[in-house]
Each structure stands twice: as C-alpha cells, then as structure tokens.
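Note sheet for the following structure.
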Amino acid sequence: MPSSSAPMSSHADLLTIAPGESAIDLAAVARMRACLKEKGLDPDEEPQVFTDRYIHEVMEVIKEGKKRTFEYALEKLATCIRWRRHYGADKILEAVANNQDQGVLRSLAPGHMFWSGEDAFGRPILYAKPSLMDLATFDRHDYERAHVYLLEQGLRRMRPGVTSFVLVADATGFGIRHLNLALMRSLLELATGEGAQPPSTHD
C-alpha cells in the first residue's frame with residue numbers, strides 16, 4: 001500500500017482516499033510520525049504498513065463513546081512498531097520465500113492455515129483448521145513465527161483503505177490434544193502487542 005508523506009502544517013490539510021471514507025488530517029498524521037521518530041521508532045521504515053490511512057484510523061479510535069487521545073494513539077503505534085521489530089516482521093516474508101525459515105515452512109506444511117479471497121468489504125479471508133496441524137513436528141516458537149508470517153501475508157493482500165481481515169476457523173476434529181495454553185498466550189500477545197518488549201505489539 002503506498003504511503004504519502006505530508007509536511008507539517010499550521011492548517012489541517014485533508015485527504016480523502018476513496019468515496020465513503022473519512023478525510024485524513026495529514027497535518028495530524030505528520031505530527032504523529034514526528035513524535036514516533038522522537039522515540040526512535042520511525043514508521044517510514046515500513047511505508048507499506050504505516051500508511052497515512054492506517055495511522056489516521058488508529059488516531060480516530062472511539063471506545064465507550066469517546067475518541068481516544070493523541071497520546072493514547074501514540075503509545076499504540078509505538079507498541080506496534082516495537083512488536084514488529086521484536087518479531088522481525090519486516091523480514092519474515094523474504095526469509096520464508098528463500099527457504100531460510102524452515103520452522104515456519106514446517107508449521108504451515110499441513111495446509112491448515114491459508115489466505116483465500118475477500119469478503120464483501122474487500123477484507124482478505126484467512127482460513128484455519130487447527131485439527132490438521134502436525135502435532136509430531138509442533139514447536140511453539142515456530143508456530144508463533146508462522147502466525148507473524150500469515151499476518152504479513154494478510155497485510156500485503158489488503159487493498160488501499162482496508163485495515164482489517166476476516167478469520168474463518170473450522171473446529172471440526174479439534175480436541176484437547178490440539179490445545180496448547182502457552183501457544184494461546186503467545187498468540188494473545190501477538191494480537192495485543194503485549195509481547196512486543198524483548199525479555200529482560202488495536203483495541
């Protein structure tokens with residue numbers, strides 16, 4: 001997804017990406033980018049992820065009827081960048097494509113998690129059937145990275161303006177032997193960013 005960099009301005013320059021989408025306050029987005037860089041977290045290092053539209057939507061989050069503050073959005077985006085750095089998200093697609101991450105390839109070999117098509121809103125669809133996972137080769141670290149890989153694939157499949165995807169899970173044949181609590185906690189960290197800090201990641 002292309003990203004457009006906006007200069008700082010004393011007036012709110014507005015950009016509408018497509019009909020039906022809310023206008024983007026480019027000056028506010030530029031301020032957010034500058035604040036992240038002050039923290040040593042440069043969103044411009046991954047322009048295909050941290051687009052103006054994505055940063056704008058994080059800044060416009062409404063919860064319990066109230067718009068979140070600029071500081072709240074700043075911390076959310078900072079956590080996201082730290083998460084990506086911690087998991088090496090920007091390099092994992094290339095590593096798998098070059099057969100340099102055998103753990104991810106082994107985890108996905110059964111074909112039980114894959115992307116296919118879009119819903120009516122243009123959101124990519126991820127299909128999963130946990131009962132098909134190969135328990136004989138299961139490794140929690142590899143599975144964590146496999147999910148990071150899938151998330152990166154999903155990002156590349158999103159059209160401009162799309163910021164979410166759909167998960168369709170088939171529980172047929174799923175049993176206690178497929179349940180790994182440590183993995184579930186790790187996947188929760190992947191989803192919330194709580195695992196973004198190295199050992200001493202959207203509402």
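The values are calculated or read from the model by the stated rules, or taken from the named source; none is laboratory data. Keep in mind that this is a model prediction, so the values were computed, not measured. When we count neighbours, we look across all protein chains shown, and the Cβ atoms used for this are built from the backbone with ideal geometry, even at glycine. These area figures cover heavy atoms from the full protein model, side chains too; ligands, DNA and RNA do not enter into them. Shrake-Rupley method; radii C 1.70, N 1.55, O 1.52, S 1.80 Å.
Computed values, structure above
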quantity: Solvent accessible area, Å² - ASP170, 1.4 Å probe, full protein context; calculated: 60
quantity: For ILE24, distant residues with modelled amide H under 5 Å away; calculated: LEU15, THR16, ILE17
quantity: In order through region 126-136: 3J(HN,Hα) via Karplus (6.51 cos²θ - 1.76 cosθ + 1.60), integer Hz, x for Gly, Pro; calculated: 9, 9, 9, 9, x, 5, 8, 4, 8, 5, 5
quantity: For region 61-186, accessible area per residue (1.4 Å probe, heavy atoms of protein chains only), Å²; calculated: 57
quantity: THR51 accessible area, 1.4 Å probe, all protein chains in place, Å² to nearest 10; calculated: 10
quantity: Kirkwood Rh in Å, taken over all unlike Cα pairs in region 17-106; calculated: 14.8
quantity: For region 64-174, alpha-carbon Rg over 2.2 N^0.38 Å; calculated: 1.23
quantity: Net charge over other residues, Cβ less than 13 angstrom from the Cβ of VAL168 (K, R count +1; D, E count -1); calculated: -1
